[in-house]
Each structure stands twice: as structure tokens, then as C-alpha cells.
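All remarks here apply to the structure that follows.
Every number in this text was worked out from the coordinates using simple rules, so none of it is lab data. Quick caveat: nothing in here was measured; it's all calculated off a predicted structure. Heads up, the Cβs are rebuilt from the backbone with ideal geometry, glycines too, and the neighbour counts pull from every protein chain shown.
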Protein chains: 2
Amino acid sequence: MTDADLVDRVQHRLAGLFDDARADADRIGAPVREATDSLADFVLLGGKRVRPLFADAGRAVAHGVAGAAPLPDDSDDDIVTLGAALELVQACALVHDDIIDASDTRRGNPTVHRVFAARHRAGDWQGDPDRFGESVAILVGDLALAWADDLATGLPARIAPAWRTMRTEVLAGQLLDIGSEARRDESLDAALRVIVYKTAGYTVARPLQLGAVLGGADDRLVGDLRAIGLDLGLAFQLRDDLLGVYGDPAVTGKPSGDDLVTGKRTVLVAEGFDRADGHGAARLRGLLGTDLTDEDLADARAILTDSGAQRAVESRIDAALASALHGIDALPTSDGARAQLAALAHRITHRAS
Amino acid sequence: MTDADLVDRVQHRLAGLFDDARADADRIGAPVREATDSLADFVLLGGKRVRPLFADAGRAVAHGVAGAAPLPDDSDDDIVTLGAALELVQACALVHDDIIDASDTRRGNPTVHRVFAARHRAGDWQGDPDRFGESVAILVGDLALAWADDLATGLPARIAPAWRTMRTEVLAGQLLDIGSEARRDESLDAALRVIVYKTAGYTVARPLQLGAVLGGADDRLVGDLRAIGLDLGLAFQLRDDLLGVYGDPAVTGKPSGDDLVTGKRTVLVAEGFDRADGHGAARLRGLLGTDLTDEDLADARAILTDSGAQRAVESRIDAALASALHGIDALPTSDGARAQLAALAHRITHRAS
């Protein structure tokens, strides 16, 4: 299965799930159908499918070990199901995160809570439109999480421990994130800790592990992949931090400088506080979490660039990628599996969206 | 296992889960520990354990069928696990529902989102306290849902279809509820429809079914129990509606006339609109969803009582209970199992909290 095949098959699996869900929803009532449609659009029209690709790479590594048992006939089905389940967990995380961050756009479209708030306004419905939008979005995210687990239940029982940890970790990472922000913890340590749980484990290390366990990996191999995954997850998130400040909105689907507007405490910003002079750091702090003008944004970018914070983050990405590639080289697997994982490693660390 | 034993064992199972979760949370960070503690308090300190009791009754019915296979040794463990899992789904539903309804209290204590908003205020943390409270509560609910599924994964695979339907139904019921309210649908039909999905299936019919499937029931018996469960679920919710208007706050743990203050579109209120004269209906509509004074509350109660709405709801409860008891009498099971289910039926329809 090529990467494109996998992405197609995950898409197809998700589309089938939503066809069934729509039929169920129609039996219950219009509000359920509308919520289901909204989730279907969210899941089917966007997303890079990074987690399914890492799961497949993990399976390939396990399968490529000399003397590994041949993959059963339904191994492709399992990895597709796992990929679809991971995308649904991600949908829950993003839909709820967008409520928490009060985000207006996601993947270039209005966020789920904004869509339903707008529908409430347009229909001149009863109550507060924003509250209605958030309420529907809470339930849409819940549906995504429940349906993710429905898919995962069909997978071999040996993946259960990693699946369990993955879900708890991503929620824990979000709690850590909002908890650190509320407590004004601007330290690099706090930002890195959030990454480990909210992104590195959940986006890379756990999908790799889940795929490897599906492929029959032993504990030693799973441990090796975990270290690689944490490096790559860190690199992935740091690239995200850079894109959140320097990214092209036409490519990222998010507003320009979005992370600064929302006041996100990223590693990039923490490096900025550490490295800028007192005046620059104070100016940066004053701009964070405000509706920045073009001039403000240019200012913030200049502080982060001139202080060396941007360069420091690029260096961290390079170091994490190098460490991961070193680990990949040493994996006791086939050349093909190593190449598959290394290609993915390069791709996620050098992306524009 | 007596009812009291079951409740104790479910409590113990949940306590064990939270001990493990606290240990994991401590490794991640304080905000995760605080969220875990809050969920543990919510789950362990409250709740009538209605769903576990119905699950156990369903198992007893299946087991009491002449010629039924003997229950395996771990059957008690399974019903305890199922009961704990149901309580966690319920925790998710309530914590998220309380955000949606902007409720201040639940089970006699401040709601989860209010607890964290208060903590934010007390600590003079950064950002908006109410938004922080709601954000944490969204994630606390998500954790409850994820952990419910973690428990359910350990159960025999034959329960998966009913488990899946139950989770989708309760979320669909909530969507229907807020959707009907936003669209100003005050009809009896809408209120009854919400009950079927949000309460009757989820609180009684599905737990009964899940227990019965665990106990080895065939499709015919599951169908009989489903009809009984929907009757009892309706009666349960209608009693809740009456308690929401006439209940004693010291017993219900909710403010006096809470459903009127929150403007909930219940069957009781729909009956009130149908049965009161034009003046009474207009007065009731004007009071709904406002901070009622004691005099207002007395007024609203008088309209509902004098119009015959309260009596109509009591009649509906009696009819649903009679229908369920008739169904229970006809179940092809042991006298003991029939008695267990009938006792539970009486208990939930004649409760004060």
C-alpha cells in the first residue's frame, strides 16, 4: 500500500462510517443530522492524515524485521481502521480545542462552534447564538471520540493499552496547556512538557507504536520507535509553532500570526522571552493575545527573528530530526521500512502547512 | 449479589480506576491531577447508580430463563465493570450538560466548570475565569468518556453493538434537546422524543439490554426488555420533570424549581402550555428561563397544578409503569429476576431525588 493508497482507504473508511451515521441520525432528528454532517465535513474535507501515515510506517517497521511473522490478510484493513480511528480522535481534540481557544477558523473553514452560532443567528433562534454553537460543538466532539472508540473496538486486543494511553495523554496535554497558560507559566520547560503530551506522543509516537503493535513488534522495537516518535513529534510541533507565526495563511488555512493573536505559549515564544532584550520581551508580551495589526505582527516577527528565537527553534528541529534519523538508521528492519519512515520524518519537519 | 453489594463493588471498581489515574496524572502535571481529582469526586461522591442496577437486573432476567447456560465465574466482575463504565459515560454526559445548561450546582455541589472558574478567580490567574472553567470541564468530560470506553473494551465483544448505540443515542438526545429548544419547539412530541433518546434508552433500556446480553439473552428477550426499558425510562424522566418543579432542594440537590429557572422544555411544561388557559400559558411562558422569585415559582406551580398538567404527567407515569410491570410479568424468567426488576421499576418511579 502506498501512502496515497492508505490516505484514500482511510478516507473511504471514514466516508462509510459517516454514511451509516447519517442514516442513524435521520431516524432521530434534524439537529442530529446537522451535527453529523458538520463532523463529516470536518473530518472528510481536511487533515493531513499524519497519524495514519505514522501508524502505517510503524507497521512496516515491525513487518520488516528479519524473521517477523508474515502479516495476516486483513492487516491492511486493520491499519486503515486504526488510521480512521486516529483521525476521529483528532477531530474531537480539534473541535474541543477550537472552543477552548475561541478560534474562528480551522483548516481554512469556520470552526464548528462558529458554524452553529451562525446558523442560530441566521434562523433567529432562541437563546444565545455563541452558547448554542459551543454546545453543539461540545457534542460533536463527543460523537467523534465515541466513534473513534467504536472503530478501535474492532481492532486486535493487543493495541488496547497503547490506544488507552494515547487518548488520556492528548487530553492531559490539553489540560497541561490551559493550566500552564492560566498560571502564566511562560517557561521553556512548560512549553516542552505540553508538546510531549499534547503532540509528540499523540501525533507521532503513539501512532507509530500502535502500528508497530499491529504489525507484531516486540517491546524492544516499540521502545526504539517511541524514542524516534518523540523526537519527530517535537520537530512536528516546533514546525507548527514557526508556521503559527511565519506561515502563509493561504497555505496553513489559519490567519496570519494566529498563535500570537491567540497568545499561545509556544517554545518559539518562550525562546523569544529568553533571548530578546528587556524592551523586546516586554513588547512581545504586550502584543501576545491581542488583535495584532499588520505592523504589530511585523514587530513581533522581528523580535523573534532578531533575538535568535526563530533560529533556535530551527536548530531544535534540526537536532530532533537528526536524532530521529539516527534512530531510524539503527532500526533492525528492512531498508524499505526505514526509507518509508525517514521520508515521513523529512516531510513533517519541512512542511509549509 | 444484592443491590447494595453491586453498588459497593461498582464504587470500589471506580475508586481503583481513579487511584491509577491519579498516579498517571501525577507523572504529567498538577493541572491533570486537579482535573482527575475533580472527576473522581464527581463520580465517587454522587449518583444513584441506576444504570448499573438496571444492567444487573437485565443479567438476572437473562440468567433466570429456563435452560439458560450457567453464568461463568467472572460474570459478577463483568457486570461491575459494565456498571462502572456506565457511570463514567453518565459523568461525561452530566459534566458537559452542565456546561451547556450553564448550571451552577449538580448533586448538591458546584458543577465542575464552576469549581474551576472559582479556582481561577481565587488564584488570580490569567484569562477569563468562566472560559477556563468551561475549558477544563470539557476536557474532564472527555476523560470520563475515554475511560468509560477503556473499561468497556475489557468486556465480552458481544456487548459492543449495544454499547455503541447507547453512546451515540445519549449524545443524539442532547443534540435533539438543545436543537428543539433553540427552534422554540414547545410541542409534547418534541419533549417525548428527547426523552426516548436522552433518557429512556440511555438510562434504562440500554443498560437492561447490555446486562441481558452479558447474561446471554437471545434477541427475543432483548426485544422484550427494550420495550420494558423504554416504558420505565419514560417514567423515570417524567418523575424527574416533576421533581425539577416540585422537588425538595434538600433532597434533590438541585435548586427549587430548577427546570423552570433554566427554561427546560419538559413534558410537564408542554402539558402546561396545552392545558392552561391563554392567560396561564402566557404567564408560564414569561416565567420560564428567568430567575424566579418565590412568588413566581408558586405561580408557575399553581398554573401547572390547576391546569391539570401535573396530574397528566402523574397519569403518564402510572401508565408507563403499569405497561412495564405487565411486560415484566410476562418475561420468561425466574420469579426472582422478575421481582428484582419490578422492585427497581417501583423505586425509580416513586423517588424523591
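Our estimate of slack between residue B:105 and residue B:315, defined as 0.36 nm per intervening residue step minus the Cα-Cα distance, is 72.6 nm. Residues considered: A:177, A:24, A:98. Largest GNM mean-square fluctuation over chain A, using C-alpha springs under 10 Å, is found at A:24. Its Cα centre serving as origin, the range B:3-349 has a Cβ charge dipole (Lys and Arg +1, Asp and Glu -1) of approximately 440 debye.
Residues whose amide H comes within less than 5 Å of that of residue B:105, counting only those at least five positions distant or on another chain, are B:111 (H built at 1.01 Å from N in the peptide plane).
Shown is the FRET efficiency for residue B:220 and residue A:118, computed with R0 = 45 Å from the Cβ-Cβ distance and rounded to the nearest 0.05: 0.40. Across chain B, the mean sequence separation of Cα contacts (distance under 8 Å, 6 or more residues apart), normalised by length, yields a relative contact order of 20 percent. Taking amide H atoms as placed 1.01 Å from N in the peptide plane, the amide H of residue B:334 lies under 5 Å from those of B:64, B:65, each 5 or more residues away in sequence or on another chain. Once the Cβ-Cβ distance of residue B:335 and residue B:192 is raised to the sixth power relative to R0 = 41 Å, the FRET efficiency obtained is 0.80. Listed by Cβ neighbour count within 10 Å, with the fewest neighbours leading, B:348, B:228 appear as B:348, B:228. Taken along the Cα-to-beta-carbon direction at a fixed 7 Å, the label points for residue B:66 and residue A:126 span 5.4 nm.
Identify all lysines with a Cα-Cα distance to residue B:254 below 20 Å; exclude those on the same chain that are fewer than 8 residues away in sequence. Cross-link targets: B:48, B:198, B:264.
Taking B:28, B:317, B:328 in turn, the Gaussian network model of chain B (Cα-Cα springs below 10 Å) assigns the largest fluctuation to B:28. Residues whose amide H falls under 5 Å from that of residue A:262, counting only those 5 or more places apart or on a different chain, are A:289, with hydrogens built in the peptide plane. Using θ = phi - 60° in the Karplus curve 6.51 cos²θ - 1.76 cosθ + 1.60, the 3J(HN,Hα) couplings for the range A:198-209 round to 6, 10, 4, x, 6, 8, 10, 4, 5, x, 4, 4 Hz; x is entered for Gly and Pro. For the range B:130-184, the list of trypsin sites (Lys or Arg not before Pro) that fall in a loop by DSSP and count at most 16 other C-beta atoms within 10 angstrom reads B:183, B:184. Loop-resident chymotrypsin sites (Phe, Trp or Tyr not before Pro) (DSSP state other than H, G, I, E or B) in the range A:216-299 with no more than 16 further Cβ atoms inside 10 Å of their Cβ are absent.
Couplings for the range A:149-164, taken from phi via the Karplus curve 6.51 cos²θ - 1.76 cosθ + 1.60 with θ = phi - 60°, read 5, 4, 5, 4, 4, x, 8, x, 4, 5, 7, 3, x, 5, 4, 4 Hz in order; Gly and Pro are left as x. Estimated from helical segments only, the mean residue ellipticity of the protein assembly as shown at 222 nm is -24500 deg cm²/dmol, where each DSSP H run of four or more residues counts as -39500 (n - 2.57). Applying both filters, DSSP loop and at most 10 other Cβ atoms within 10 Å, to the chymotrypsin sites (Phe, Trp or Tyr not before Pro) of the range A:73-132 eliminates every site. Projecting label points 7 angstrom from Cα along Cα→Cβ for residue B:26 and residue A:295 puts them 5.4 nm apart.
Summing Lys and Arg as +1 and Asp and Glu as -1 over all other residues whose Cβ lies under 13 Å from the Cβ of residue B:284 gives a net charge of -2. Quick one: Cα centre-to-centre distance for the range A:152-205 and the range B:158-217, in angstrom? What the calculation gives is 31 Å, centre to centre. Projecting the Cα positions of A:287, B:337, A:352 onto the charge dipole of the protein assembly as shown (unit charges on Cβ atoms of Lys, Arg, Asp and Glu, taken about the Cα centre) puts B:337 furthest along the positive direction. Sorted ascending by nearby beta carbons within 10 Å, beginning with the fewest, A:279, A:63, B:12, B:96 become A:279, B:12, A:63, B:96. So if we plug the beta-carbon distance of residue A:250 and residue B:19 into 1/(1 + (r/R0)^6) with R0 = 30 Å, what FRET efficiency do we get, rounded to 0.05? The value I calculate is 0.05. Rounded to the nearest Hz, the phi-derived 3J(HN,Hα) couplings of the range B:166-181 under the Karplus curve 6.51 cos²θ - 1.76 cosθ + 1.60 (θ = phi - 60°) are 4, 5, 4, 4, 5, 5, 4, x, 5, 4, 4, 4, 6, x, 5, 5, where x marks glycine and proline.
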